[in-house]
1. Within the set of pairs 6 or more residues apart or between chains, which connect a residue that is assigned by TED's automatic domain parsing to the domain that holds T67 and farther than 14 Å from P62 by Cβ inside segment 8-33 to a residue that is in a loop (DSSP other than H, G, I, E, B) and β-branched (V, I, T) with Cβ atoms less than 6 Å apart?
2. Take segment 52-82 and flag every residue that is crowded, with 16+ Cβ neighbours inside 10 Å and part of a helix (DSSP H, G or I).
3. Confirm whether E38 is more than 24 Å from F86 (Cβ to Cβ) and among the acidic types (D, E).
4. So V30 clears everything in (1) at pLDDT below 90; (2) crowded, with 18+ Cβ neighbours inside 10 Å except one condition, right? Which one?
5. Among the residues of segment 11-27, write down those that are at pLDDT 90 or above and outside any helix (DSSP H, G or I).
6. From (1) modelled with pLDDT of 60 or more; (2) in contact with a helix residue (DSSP H, G or I) (Cβ under 9 Å, 6 or more places away or on another chain), pick out the condition that doesn't hold for P164.
7. Would you be able to tell me the number of residues in segment 28-51 that are assigned to a loop (DSSP other than H, G, I, E, B) and under 27 Å from the mean Cα position of the chain (by Cα)?
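The values are calculated or read from the model by the stated rules, or taken from the named source; none is laboratory data. Since the structure is predicted, the reported quantities are computational estimates derived from the model, not experimental observations. Here Cβ is always computed from backbone atoms with ideal geometry, including for glycine, and neighbour counts include all displayed protein chains.
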Amino acid sequence: MYNLVSVDNGRPVTDSLTVAEVFGKDHKRVLQDIRGLECSEEFNQHNFVPIDYTDSRKRTYPKYIITQDGFSFLVMGYTGKEAARFKEMYIKQFNEMRDQLNNKPIDPLKLLMQATHNLLASQELIVGRVDEIEQKVEKQITLDSGQQRRLQQGINKKVCSIEPDKTERSELFRQLHKEIKDRWEVPSYKDILKQDLQNVLNYISAWKPIRRTE
């Protein structure tokens with residue numbers, strides 16, 4: 001189960017790192033959100049406790065311990081279907097933790113059903129994060145050597161089909177390369193993204209040069 005809530009000084013809490021991970025935000029952004037909250041100083045001090053933590057590289061960074069009230073205040077501005085689902089997960093775990101701390105009996109069947117629900121929600125969260133990362137990576141991958149050759153072959157074939165005279169082809173090559181770089185906003189054809197390769201090949205296939213008149 002995705003553990004969103006823990007106990008600190010006898011009360012259920014979460015922290016800014018967990019909030020950032022669950023809601024898919026940069027931790028620095030969550031820290032900014034907390035520091036920018038328009039709440040009273042008293043509320044802030046009671047519900048957002050600044051502490052330091054050490055990462056895996058032994059580097060020290062700040063984070064906040066957040067109470068249930070502080071969490072509710074913070075995530076008011078987090079909107080969307082996914083954000084609403086994460087809020088529900090948090091609220092349920094906060095309430096369960098509070099009941100345990102108050103020594104209230106919990107229906108075992110209800111607890112099992114809730115644990116199953118949280119587990120499924122956590123799996124969906126993980127799968128969603130993986131898909132999101134894969135999509136971001138895919139959008140940043142440029143052509144490999146084989147795809148670069150394929151693109152160059154497409155350019156050569158197109159230019160040669162237009163101009164049979166080898167001595168007259170250099171201007172066409174220059175023109176087509178420039179149009180590709182300008183249209184896809186890259187410094188070189190080698191920087192074309194993999195996901196754009198077919199569109200570039202289609203563009204080359206339909207390309208017509210601008211003939212200069214003497």
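1. If the second residue must be in a loop (DSSP other than H, G, I, E, B) and β-branched (V, I, T), the pairs left are P12/V5; T14/V5.
2. So the first thing to find is which residues in segment 52-82 are crowded, with 16+ Cβ neighbours inside 10 Å, and the list is 63-68, 70-71, 73-75, 78.
Scanning segment 52-82 gives Q68, G70, F71, F73, L74, V75.
3. On the way: more than 24 Å from F86 (Cβ to Cβ): no; among the acidic types (D, E): yes.
When the stated conditions are applied, E38 does not pass them.
4. (1)
5. Matches in segment 11-27: D15, D26.
6. The one condition P164 does not meet is (2).
7. Looking only at segment 28-51, we keep the residues that are assigned to a loop (DSSP other than H, G, I, E, B), and these are 36-40.
Within this subset, residues satisfying the condition of being under 27 Å from the mean Cα position of the chain (by Cα) are 36-37.
Counting residues in segment 28-51 that are assigned to a loop (DSSP other than H, G, I, E, B) and under 27 Å from the mean Cα position of the chain (by Cα) gives 2.
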